[in-house]
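Some notes on the structure that comes next.
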Amino acid sequence: MDSATCKKELVIEIPPDIVRQEADAVTAQYRRAARIPGFRPGRAPASLVRRRFEEDIRNEVVQSLLPKYFETAVKDQGMSVVGRPRFGDLKFTEDQPLTCTVTFEVLPDFDLKDYKGVEVSQEPAEVAEAELAQALQQLQERAATFEVVEDRTADDGDYAIVNYHGRDAGDPKADPVEAHDAMVHLAGEGTVAAFTENLRGSKPGDVREFQVTYVDDYSNKSLAGKTLSYRVEIQGVKRKVVPALDDEFAKSVSEYRTLEELKAKVSENLTERKKHQVEAQAKQQLLEQLISAHEFPVPESMVEAQIDANLERLLTRLMAQGIDVRSVDFDWRKLREDSRPGAEKDVRGSLILEKVAEAEGIEVPESELDEVIRDLAQEHRESPATLKTRLTHEGNLSRINQKLRNQKALDLIYQNAKINSTGESSGHQEKS
């Protein structure tokens with residue numbers, strides 16, 4: 001094996017008598033099924049069948065014998081193959097050994113460094129007053145109502161209810177931009193300034209016409225750099241009414257009777273969330289340290305698979321944001337190369353955690369795996385049994401199991417780490 005990579009090369013040699021037996025067996029199958037003029041099915045001489053279907057028979061012999069002998073060879077040498085092996089330099093001559101050179105990758109063999117007692121810094125899971133205030137404000141915003149404004153015209157902070165029709169000033173044939181009963185928050189974050197300026201002072205029944213020139217890096221790519229002529233009909237004006245932060249508010253948005261009880265619960269939830277965040281950050285730091293402490297080659301096939309998975313997640317996020325990835329000019333080659341270092345680190349970290357799980361005898365209970373499948377089934381709107389069958393068939397069930405196993409290994413590393421909190425080092429206490 002190349003010490004800088006996980007590639008290996010193996011020469012497979014199959015004895016002539018084994019090749020002959022397999023060729024005879026394949027020929028017999030062809031003889032039973034072949035239709036050859038002048039002979040009833042199954043009556044044609046074997047020598048004639050062999051000549052007539054020589055290439056097909058040779059291919060079947062190779063496809064039957066080579067994988068078996070390769071599997072036996074790597075098993076005898078205790079190698080764990082990853083990815084697909086490549087067969088080349090095939091030599092197949094009658095009454096001679098069948099030989100072939102196989103190029104493949106194996107899992108790296110490395111010594112596991114100390115993974116217990118690793119020191120790591122972790123912030124206290126404390127919630128600042130500002131964070132609590134922000135969370136309560138978000139609750140207030142969600143509970144806000146909208147009241148119709150009748151005694152004045154629209155002003156900053158109001159919401160204009162409008163129908164609008166926009167035409168591309170530079171391309172009259174382009175499809176118009178239209179909306180009905182849209183809410184425009186005057187002077188609100190994200191509202192185009194021209195809408196605020198032209199709708200300020202309006203009232204129901206007014207019609208405003210104006211142009212908007214969008215900047216080149218505008219978030220909506222279909223409008224970026226364009227100038228649109230808008231005709232806007234004002235249907236109504238509303239203002240947002242945010243409820244007061246008091247006991248009545250607490251009763252309306254929760255099961256609690258007082259504001260203090262609600263604050264206590266919100267604070268508890270924030271603390272728990274922050275606790276998970278700081279623990280996740282500490283675990284990632286621990287894994288980073290272990291990755292830095294282990295130098296070994298990683299299989300290229302695993303890196304490529306990780307790059308594919310990372311790019312697939314990127315595309316999924318973009319589509320979830322409403323971005324048509326077909327219209328985005330990606331340099332896919334550069335994107336792949338830029339993501340390679342991160343993918344290599346991900347693979348190395350995964351291999352280290354697998355080694356830890358093996359050393360600690362960590363396994364994933366069937367009940368935990370089934371719980372994950374139930375959650376995924378609900379997300380995909382299919383039955384757990386159907387999803388489990390599909391995941392098994394696609395080879396993804398073992399990947400989910402491995403991911404859970406690796407997470408358990410990382411949890412164990414964290415539970416045995418030395419946590420530095422506010423500059424002091426102490427043994428981590430296992431949580432119940």
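A few points about this structure:
- Test set (1) within 27 Å of GLU147 (Cα to Cα); (2) in contact (Cβ under 8 Å) with a residue 40 or more places away in the chain; (3) not assigned by TED's automatic domain parsing to the domain that holds GLY170 - THR196 fails condition number: (3)
- Checking THR191 against (1) under 18 Å from PHE146 (Cβ atoms); (2) touching a residue at least 12 places away in the same chain (Cβ under 8 Å); (3) hydroxyl-bearing (Ser, Thr, Tyr), the condition it does not meet: (2)
- Cβ-Cβ distances below 9 Å connect the following pairs, each with a first residue in the stretch 139-152 that is more than 9 Å from VAL242 (Cα to Cα), a second residue that is of a type in the set (S, T, N, Q) and in a loop (DSSP other than H, G, I, E, B), and a separation of six or more residues or different chains: LEU139/SER254.
- Check on ASP171, surrounded by fewer than 14 Cβ atoms within 10 Å (Cβ to Cβ), of a type outside the set (A, V, I, L, M) and in the same structural domain as ARG231 (by TED's automatic domain parsing): yes
- Contacts under 6 angstrom Cβ, first residue in the stretch 69-98 being in contact (Cβ under 8 Å) with a residue 40 or more places away in the chain and farther than 25 Å from ARG20 by Cβ, partner charged (D, E, K, R) and surrounded by 15 or more Cβ atoms within 10 Å (Cβ to Cβ), 6 or more apart: VAL82/GLU105; GLY83/GLU105
- Residue check, VAL127 touching a residue at least 60 places away in the same chain (Cβ under 8 Å) and touching a strand residue (DSSP E or B) at 6+ places or on another chain (Cβ under 8 Å): no
- Restricting attention to the stretch 356-410, the residues that are in contact (Cβ under 8 Å) with a residue 40 or more places away in the chain and acidic (Asp, Glu) total 2.
- Residue count for the stretch 1-60, restricted to those that are of a type in the set (A, V, I, L, M, F, W, C), assigned to a helix (DSSP H, G or I) and within 22 Å of PRO85 (Cα to Cα): 1.
- Restricting attention to the stretch 328-387, the residues that are among the basic types (Lys, Arg) and under 18 Å from PHE110 (Cβ atoms) add up to 3.
- Test: ALA224 is assigned to a loop (DSSP other than H, G, I, E, B) and either hydroxyl-bearing (Ser, Thr, Tyr) or in contact with a helix residue (DSSP H, G or I) (Cβ under 7 Å, 6 or more places away or on another chain) (or both): no
- Scanning the stretch 138-162 for residues that are within 16 Å of GLY188 (Cα to Cα) and of a type in the set (Val, Ile, Thr) gives ILE161, VAL162.
- Here GLN140 passes the criteria (1) in the same structural domain as ALA23 (by TED's automatic domain parsing); (2) not in a strand (DSSP E or B) except the one numbered (1).
- Candidate set from the stretch 357-405 (those that are of a type in the set (Ser, Thr, Tyr) and in a helix (DSSP H, G or I)); member that is farthest from the chain's Cα centre (by Cα): SER367
- Taking each residue of the stretch 205-230 that is in the same structural domain as VAL177 (by TED's automatic domain parsing) and exposed (fewer than 11 other Cβ atoms within 10 Å of the Cβ) and looking for partners that are among the aromatic types (Phe, Trp, Tyr) and outside any loop (DSSP other than H, G, I, E, B) with beta-carbon atoms closer than 8 Å, six or more apart or interchain, yields GLU209/TYR230.
- Test result for LEU290, surrounded by 12 or more Cβ atoms within 10 Å (Cβ to Cβ), within 19 Å of the chain's Cα centre (by Cα), part of a helix (DSSP H, G or I) and not basic (Lys, Arg): no
- Count of the stretch 230-264 residues, restricted to those that are closer than 30 Å to THR213 by Cβ and under 40 Å from the mean Cα position of the chain (by Cα), is 1.
The values are calculated or read from the model by the stated rules, or taken from the named source; none is laboratory data. All values reported here derive from a predicted model rather than from experimental measurement. Don't worry about glycine lacking a Cβ; one is built from the backbone with ideal geometry, like all the others, and counts go over all protein chains shown.
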